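The values are calculated or read from the model by the stated rules, or taken from the named source; none is laboratory data. Because the structure is a prediction, the values reported are computed rather than measured. No Cβ is skipped: glycine too gets one built from the backbone with ideal geometry, and neighbour counts run over all protein chains shown.
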Amino acid sequence: MLKTHPGIGIALWVALLVCALGIDHPVYALTQCFILTILVVRFDVKKTWQSMWSFIFFTALMVVLINPLVSQSGRTVLVLVRHIPVLGRLRITLEAVLYGGVMALKLVSVTWAFVLFSAMTDRDDMFTFMGGVLPKSTVLFSMTVNLVYRLQSEMSRVSEVMKMRGVQMEAKSLSRRIRAALPLVKVVIVSALDGSIDRAEALHVRAFGKGRRTQYKAVVLQRKDREMTVVLGFLIMIFLQTVISGSGHYSFYPTMENMGVKGLEYTRFILGWGVIYLCFQKMKIH
């Protein structure tokens with residue numbers, strides 16, 4: 001997958017999120033989710049979606065199943081049980097099932113938007129770009145992520161040393177495991193404090209926060225970034241056209257509306273996403 005300018009990637013990611021969350025019509029939401037799925041499968045060279053597919057499917061299924069049990073609104077009753085021990089009355093309506101299905105489609109679309117954003121942007125370029133926009137917040141986020149990795153590495157190293165000294169780190173008794181882990185926690189906390197002091201001294205020596213932050217490399221707009229603005233423009237046009245025409249709006253309660261779509265508006269919606277797919281296909285790096 002091509003790597004775009006971080007600013008363009010963020011703008012495109014926001015546009016995808018707005019499109020995914022702002023359209024309620026079941027047919028439009030299903031079409032949008034289907035096209036985003038094709039984009040992810042086709043252009044995510046890291047194959048991130050393969051490891052996430054089971055989790056997404058399970059979460060979406062839970063949304064579809066739980067919503068009708070929690071929300072009993074709607075007039076089209078599918079299942080009605082007068083009394084269930086502990087739960088009380090069970091009333092499942094078609095409107096609640098349809099609403100849960102649309103929410104599940106939105107969940108999948110939002111997840112694919114994050115996957116595309118990860119595939120389109122480079123981590124180093126993103127930190128460089130955000131470092132120029134929000135330098136202090138970027139450093140804080142970087143230090144937080146690095147701290148988790150450092151603590152994990154330190155705990156692994158210290159636990160191995162303690163096992164070599166004969167400490168039973170995996171004893172069957174819970175109290176023994178707690179007593180064995182206390183020295184480990186102390187060492188890790190002291191190491192984290194020492195590391196924070198070292199990083200603070202490094203920031204002070206480099207005069208962090210005084211003047212404009214320097215960069216190892218400049219992140220500039222390239223030709224492919226300008227072409228990506230075409231995709232962004234089509235996304236904005238699709239969303240505005242769908243919202244202004246009212247075709248993306250849908251009322252679930254108290255009685256669901258007719259799920260029919262207007263031919264002209266839906267054709268524009270399909271053609272717009274088709275152009276977006278062709279733009280991704282053109283800009284893909286083989």
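Does Ser175 satisfy being part of a helix (DSSP H, G or I) and at pLDDT 80 or above? Against the criterion (part of a helix (DSSP H, G or I) and at pLDDT 80 or above), Ser175 does not qualify.
Quick grid of which residues meet (1) out of contact with any Phe, Trp or Tyr (no Cβ under 6 Å at 6 or more places or on another chain); (2) crowded, with 16+ Cβ neighbours inside 10 Å; (3) farther than 13 Å from Phe280 by Cα:
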| position | (1), (2), (3) |
| --- | --- |
| Pro6 | no, yes, yes |
| Trp13 | no, yes, yes |
| Cys19 | no, yes, yes |
| Thr31 | yes, yes, yes |
| Ile38 | yes, no, no |
| Phe43 | no, yes, no |
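For Gly131, the stated conditions do not hold, so it cannot be described as outside any helix (DSSP H, G or I) and either of a type outside the set (Ser, Thr, Tyr) or in contact (Cβ under 8 Å) with a residue 40 or more places away in the chain (or both). The residues in the range 237-265 that are under 27 Å from the mean Cα position of the chain (by Cα) and buried (at least 17 other Cβ atoms within 10 Å of the Cβ) can be counted, and the count is 7. Over 22 Å from the mean Cα position of the chain (by Cα) and at positive phi: does that describe Gly132? No. Residue pairs whose Cβ atoms lie under 6 Å apart, sitting 6 or more positions apart in sequence or on different chains, and linking a residue in the range 62-85 that is at positive phi to a partner that is assigned to a helix (DSSP H, G or I) and surrounded by 12 or more Cβ atoms within 10 Å (Cβ to Cβ), are Gly74/Glu95; Gly74/Ala96. Of all residues in the range 58-109, those that are surrounded by 18 or more Cβ atoms within 10 Å (Cβ to Cβ), of a type outside the set (Val, Ile, Thr) and in a strand (DSSP E or B) total 1. Within the range 252-277, residues that are closer than 12 Å to Tyr28 by Cα and free of Cβ contacts under 8 Å to residues at least 40 places away in the same chain have Cβ atoms under 6 Å from residues that are among the small types (Gly, Ala, Ser) and surrounded by 14 or more Cβ atoms within 10 Å (Cβ to Cβ) in these pairs: Lys262/Ser247; Glu265/Ser245; Glu265/Ser247, counting only partners at least 6 apart in sequence or on another chain.
Scanning the range 190-203 for any residue that is touching a Ser or Thr at 6+ places or on another chain (Cβ under 6 Å), modelled with pLDDT of 75 or more and part of a helix (DSSP H, G or I) turns up nothing. Taking first residues from the range 177-205 that are among the β-branched types (Val, Ile, Thr) and partners that are assigned to a helix (DSSP H, G or I), the Cβ contacts under 8 Å between residues at least 6 apart in sequence or on separate chains come to Val187/Glu154; Val187/Val158; Val188/Leu151; Val188/Glu154; Val188/Met155; Val188/Val158. Suppose we keep only residues that are surrounded by 11 or more Cβ atoms within 10 Å (Cβ to Cβ) and not in a helix (DSSP H, G or I) within the range 204-236. Which one would you say is modelled with the highest pLDDT? Across the range 204-236, the extreme among qualifying residues is Gln222. Note on the range 237-267: among residues that are in a loop (DSSP other than H, G, I, E, B) and hydrophobic (A, V, I, L, M, F, W, C), the one that is farthest from Gln32 (Cα to Cα) is Met256. Just one of the listed residues (Val102, Val86) is at pLDDT 85 or above and of a type outside the set (Ser, Thr, Tyr), namely Val102.
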